[in-house]
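Here the structure comes first, spelled out in structure tokens, and everything after it is commentary.
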Amino acid sequence: MSSAAANADLALRPAIELVELFRTGEISPVDVTEAVLARIDEFQPMVNAYCLVDAERALADARASQDRYHRGEPVGRVDGVPIGVKDVFLTAGWPTRRGSLLVDTAGPWDDDAPVVAALRREGAVLLGKTTTPELGWKGVTDSPLQGVTGNPFDPTRTAGGSSGGSAAAVVLGLATLALGTDGGGSIRIPAGFSGHPGFKPTYGRVPLWPASPFGTLAHAGPMARTVADAALMLSVIAAPDSRDWTALAPDPTDYVGALTGGVDGLRVAFSPDLGYVSVEPEIATAVAAVAAAFERLGARVDLVDPGFDDPVEAFHTLWFAGAADALHGYSVDQRRVLDPGLAEVTEEATTFGLADYMAASRRRAELGILMGRFHERYDLLLTPTLPIAAFAAGREVPDGWTQRRWTSWTPFTYPFNLTQQPAISIPCGLTSDGLPIGAQIVAARHHDALVLRAAHTLEQAR
């Protein structure tokens with residue numbers, strides 16, 4: 001086997017498999033970390049998945065993990081697993097610049113975000129920081145600081161965003177697992193465009209600190225190549241942390257153990273377009289096949305819409321206000337280096353009044369109530385993740401698009417940030433151009449394990 005093939009064999013193995021092989025001594029964390037670093041050397045110039053790679057520190061962590069396994073004393077469920085950290089999470093010893101020229105690299109950088117601290121406690125090998133658009137504000141990944149991130153299936157296309165670097169890294173074996181955030185689809189969008197599972201847990205299931213400028217729209221979650229690996233990572237990062245006062249009570253669920261049980265008897269609502277979205281025919285066909293698969297597996301599938309109108313204006317009010325608040329205190333001269341689109345939405349936010357913000361909050365509450373009642377009748381909602389396939393990298397919207405903002409092509413994702421529900425994107429085929437298609441599965445708040453179980457069942461069946 002060539003060295004490139006050997007690296008791929010190790011770098012693309014699931015985390016659950018790796019941990020078992022580490023325990024038996026068949027392979028070591030050092031072997032896998034070296035293979036992943038070699039893949040980064042090979043593919044980073046093509047896709048720009050990372051803004052920082054610390055090979056020396058990663059190998060030191062891998063050697064420490066290898067020693068623990070030799071002693072029969074691994075410290076956790078991801079001991080020795082190579083993981084990428086989205087560059088919005090504080091990571092002690094590394095700058096967290098969030099894709100912005102406004103952030104001073106001098107630091108100090110002494111703190112770990114809760115998810116990073118949880119991964120360290122369980123022995124993860126942290127590779128570096130993955131790329132994000134400035135402040136994670138949009139559904140594609142490019143920034144004045146870090147440049148453009150390309151799709152792992154075609155680097156001339158966008159990987160999606162804002163967790164696009166994490167998506168590209170996971171798909172290409174530049175990380176076994178990766179951290180993402182999702183305030184309007186930022187885990188599910190790149191998962192849909194890049195062809196891997198990406199899970200947005202119920203808001204508060206995974207603690208966040210410092211608080212996101214986008215408030216309670218923003219969720220943290222796992223990005224992986226398999227649903228089981230996403231479940232494993234969630235079990236690690238859904239650990240309590242007193243710094244997040246909005247976090248949910250600790251959940252003792254073993255998300256990997258909860259993957260079994262299938263979907264027989266579940267009530268699934270299949271909404272191909274939410275009642276108002278135009279979807280590309282190839283994507284519609286692929287997602288309809290997922291609905292048919294649910295039926296074959298024993299679920300009861302009804303063709304039905306949840307019954308709400310597009311809440312984009314409410315989302316814009318809350319999202320743009322958050323972006324403006326994140327930039328509070330920066331001068332006009334400092335703001336000249338911003339992503340032009342970010343500058344535009346923060347300027348738009350200055351036109352909002354208190355009445356606008358309160359109206360958006362009421363709209364959000366109404367939507368949450370509607371979806372709560374909807375899930376009294378249906379266990380799951382199935383939709384496309386995105387209505388289009390990945391378009392040219394470096395653009396907020398496709399060429400010739402009639403609207404300017406990224407929310408115009410993400411109508412299936414941001415509604416479920418407003419409602420704080422758990423939602424996953426799973427790959428369900430390719431377009432005729434060879435680009436991934438994603439299907440989205442949504443459940444009522446707090447039913448994270450159900451979403452993962454359904455997604456795993458489909459993944460295994462397909």
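In table form, for the structure just shown:
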| item | result |
| --- | --- |
| Total formal charge among the other residues, if their Cβ is under 15 angstrom from that of Pro155, Lys/Arg +1 and Asp/Glu -1 | -1 |
| Inter-label distance for Gln334 and Leu370, nm, one decimal - labels placed 7 Å from Cα along Cα-to-Cβ | 3.9 nm |
| Most positive-pole-ward Cα, Gly139, Trp209, His70, against dipole of the stretch 3-258 from beta carbon charges | Gly139 |
| Mean separation of Cα contacts under 8 Å, 6 or more apart, over the residue count of the chain: relative contact order % | 17 percent |
| Listed values (1) 24.0; (2) 21.8; (3) 25.2, entry calculated as Kirkwood radius over Cα pairs in Å | (2) |
| Protection proxy ranking of 342-354, 194-206 - average other beta-carbon atoms within 10 Å, highest first | 194-206, 342-354 |
| Value of relative contact order over the stretch 323-456, rounded to a whole percent, pairs C-alpha under 8 Å and six or more apart | 23 percent |
| Mean separation of Cα contacts under 8 Å (6+ apart) over length of the stretch 3-258, as relative contact order % | 18 percent |
| Under 15 Å, Cβ to Cβ, from Ser331 - net charge with Lys/Arg +1 and Asp/Glu -1 | -1 |
| Ranked by how many other beta carbons lie within 10 Å on average, peptides 50-59, 80-89 from highest | 80-89, 50-59 |
| Antiparallel bridge percentage (DSSP; both residues within the stretch 3-258; nearest 5) | 65 percent |
| Cα gyration tensor category, rounded, prolate or oblate, for the stretch 183-315 with a/c compared to 1.5 | oblate |
| Label-point separation in nm, Thr350 to Ala55, each point 7 Å along Cα→Cβ | 4.7 nm |
| Backbone N within the stretch 237-261 under 19 Å of label point (7 Å from Ser361 Cα along the Cβ vector) | 245-247 |
| Distance between the stretch 65-101 and the stretch 381-416 - C-alpha centres, whole angstrom | 32 Å |
| Cα extents of the stretch 325-455 along the three principal axes, largest first (Å) | 50, 42, 25 |
| Added length on full extension, which subtracts the Cα-Cα distance from 0.36 nm per residue, Asp433 to Val103 | 114.9 nm |
| Cα gyration tensor, the stretch 366-427 - rounded (a/c under 1.5), prolate or oblate | prolate |
| Local net charge near Ile283, Cβ-Cβ under 13 Å (Lys/Arg +1, Asp/Glu -1) | -4 |
| Table column - 3J(HN,Hα) (Hz), the stretch 84-101, Karplus curve with 6.51, -1.76, 1.60, x for Gly and Pro | x, 10, 4, 7, 10, 9, 4, 9, 3, x, 10, x, 10, 9, 6, x, 10, 5 |
| Ser408-Glu73 pseudo-label distance in nm [points 7 Å out on the Cα-to-Cβ vector] | 6.0 nm |
| Estimated [θ] at 222 nm from DSSP helical runs (n ≥ 4, -39500 (n - 2.57)) normalised by residues in the chain, nearest 500 | -11500 deg cm²/dmol |
| Shape of the stretch 3-258, Cα gyration tensor, a/c cut at 1.5 | rounded |
| Table column - 3J(HN,Hα) (Hz), the stretch 199-211, Karplus curve with 6.51, -1.76, 1.60, x for Gly and Pro | 10, 9, x, 3, 4, x, 5, 10, x, 10, 7, x, 4 |
| Efficiency of FRET between Ala4 and Leu303 - r from beta-carbon atoms, R0 51 angstrom, step 0.05 | 0.65 |
| Sequence ranges 236-248, 114-126, 328-340, 132-144, ranked by mean other-Cβ count within 10 angstrom, highest first | 132-144, 114-126, 236-248, 328-340 |
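Coordinate-derived values only; no laboratory data. Remember, it's a predicted structure, so these values are computed and weren't measured experimentally. Glycine gets a Cβ as well: all are built from the backbone with ideal geometry, and neighbour counts include every protein chain shown.
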